[in-house]
Every structure is written in structure tokens, then in C-alpha cells.
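What follows draws every value from the coordinates through simple rules; no lab data is involved. Computed from a predicted structure; not experimentally measured. When we count neighbours, we look across all protein chains shown, and the Cβ atoms used for this are built from the backbone with ideal geometry, even at glycine.
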Amino acid sequence: MKILAVDDDDSIRELLTLQLTRHGYEVLTAADGAEAMAKAPQADFILLDLMLPKLDGFEVCRRLKSVEKTKDIPIIMLTAKAEEIDTVLGLELGADDYLAKPFSMRELLARIKAVQRRSQPKQQEQQLALRLGDLMMDFAAYSVKLKGKELSLTPKEYELLKLFLTHIGRAYSRDELLTRIWGYEYYGDTRTVDVHVRHLRSKLAAAPDIADAIETVRGVGYRFQYDDPS
């Protein structure tokens, strides 16, 4: 994967290049917002400082997320500014995550991997729709039908079901589901996952083969194990 590291501090760019290369990433660098815009189409992932010459990180993020060619490139904002308003603005502009300086490389690497995981379902959504037995999930329309009838799901129930259906047989811990569905910033306890899974099973009860396919993995969490009879 090719990462674009954008920072006006030479030492930070050098450090990111050294550490990310050591962990198997290919690294591009940019020292200002204009250079970041020019190099962004070559990247698979962007680490973006906020305080940049020419164009600040907010404007770079806004422009990248408004262009078809770059809108799906994940962005983690890196900045010394840790005020809540900056965090909210960055995320509203489309950034996928936000990390305040100083940060450890271990934390940065963990965030990169978490954002990558959350971005992967977008590729599966290009199928537009997925059918399992009596269940039809239309990704483009953000709808789910069971036996031809619209199923009323909350946003989190929808995201859980989508994750399960696009990763059949994959076991997820409750903590991982919290990270993927609720986001790393969620500080509630793991019983939230249990409640949503219980509600999801209940809403799928009209198709027992689908409802029962959401299995509890003892001591771990959940997986969707479905054998299509067709």
C-alpha cells in the first residue's frame, strides 16, 4: 500500500517515511497543501497534517473528498491541535480518523489498519446487491428485504448485517465489532453489541436459516455461518 505523508516538518516526514517503510508500506511525502493535492491521486492512504503552507489540511481534505478520483482514499489527520472543534470539523469534511501529536508509531499503525478495515466493505458494495436465501441486501439503496418485504433496521443493525453478510465465516470479537461499527472513539461496553445482535436476530426471525446463521462464538463474539442450499 502506498501512503502519502503530508507535513511541513522535515523531521516528521523523515520519521514517518522511515517507520512506515520499515513496516512494509511505500511512502510518498508532501511538505504543503498544494503538493499534497498533486500527489494524492497516486496514494492509497493519506496522513494529513492540519497546519500546512499554501492550503491547510482542512481545505486539502475538503477538496480531495469532493473529487471522484480521490474521494475514497482514506485520510487520517495528524495535528498538534487537539481541540474538539478541530476534530469535529475534520471528520465532517470526510476524514476517516484524527490523531493528535505527539503520537506513538504503534498507535498510528493501529489506526491505519483500523481505517483500512473499515474501508474494505466499500469495495464489496460495488456489487450493488447481495442475496442470501430469502434475504436481499441492496447496498446502493441502503435497504434490506426479507421474503420480499422491507426490513426496518437501525443504522447500526444495517452495518452489522452488512459486515456479517460480506464476511461469511469470519469470527469477530465484541471489541472488534465495536471498533468497526461504532468506531474506535466509542467508549460504551460490549453489551451494546449483544443487544444489537439480539435485535437483529429477532428482526430476521421470519427466515430462521438467516437468523440462526448469526452464531455466538463462545468466549469471542459472533460470526455469520451460512451454507446456501442453492
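Put a dot 7 Å past each Cα toward the Cβ at Arg22 and Ala110; how far apart are the dots in nm?
1.8
Given only helices, namely DSSP H runs of n ≥ 4 each adding -39500 (n - 2.57), what is the per-residue ellipticity at 222 nm of the chain, to the nearest 500 deg cm²/dmol?
Helix-only estimate at 222 nm: -12000 deg cm²/dmol.
Between Arg117 and Ala80, what length comes free when the chain is fully extended (0.36 nm per residue of separation minus the Cα-Cα distance, one decimal in nm)?
Length difference between fully extended and current span is 10.7 nm.
So for the pair Lys39, Thr70, with labels modelled 7 Å out along Cα→Cβ, what separation do we get in nm?
Roughly 1.2 nm, to one decimal.
Please check the chain for the longest run free of trypsin sites (Lys or Arg not before Pro) that are loop-located per DSSP (anything but H, G, I, E, B) and have at most 11 other Cβ atoms within 10 Å.
It runs 72-146.
Which number gives the lysine pairs in region 135-214 that have C-alpha atoms under 14 Å apart and are eight or more places apart or on different chains?
Lysine pairs satisfying the spacing and distance rule in region 135-214 number 5.
Leaving out same-chain residues fewer than 8 places away, which lysines sit with a Cα under 23 Å from that of Lys65?
Lys2, Lys39, Lys54, Lys81, Lys113, Lys122
If I compute log10 I(q)/I(0) by the Debye sum over Cα atoms at q = 0.08 Å⁻¹ from the structure I just sent, which labelled value in (1) -0.36; (2) -0.25; (3) -0.51 lines up?
Looking at log10 I(q)/I(0) by the Debye sum over Cα atoms at q = 0.08 Å⁻¹ for this model, the match is (1).
Taking the chain as the reference, fit the longest principal axis to its C-alpha atoms, fit the long axis of helix 155-166 to the helix C-alpha atoms, and give the angle between the two in degrees, 0 to 90, nearest 10.
80
Set the Förster radius R0 to 25 Å, insert the Cβ-Cβ distance between Arg198 and Ala140 as r into 1/(1 + (r/R0)^6), and round the FRET efficiency to 0.05.
The computed FRET efficiency comes out at 0.30.
Rounded to whole Hz and in sequence order, give me ³J(HN,Hα) for region 208-214 from the Karplus expression 6.51 cos²θ - 1.76 cosθ + 1.60, θ = phi - 60°, writing x for Gly and Pro.
Whole-Hz 3J(HN,Hα) from phi for region 208-214: x, 5, 7, 4, 6, 6, 7.
Can you give the % of DSSP beta bridges in the chain that are antiparallel, to the nearest 5?
50
Can you pull the one-decimal nm distance between simple spin-label points at Ala211 and Phe103, each 7 Å off the Cα toward Cβ?
Once both label points are built, they end up 4.3 nm from each other.
What does the charge count around Ala36 come to, taking other residues whose C-beta lies under 11 Å from its C-beta (Lys +1, Arg +1, Asp -1, Glu -1)?
-4
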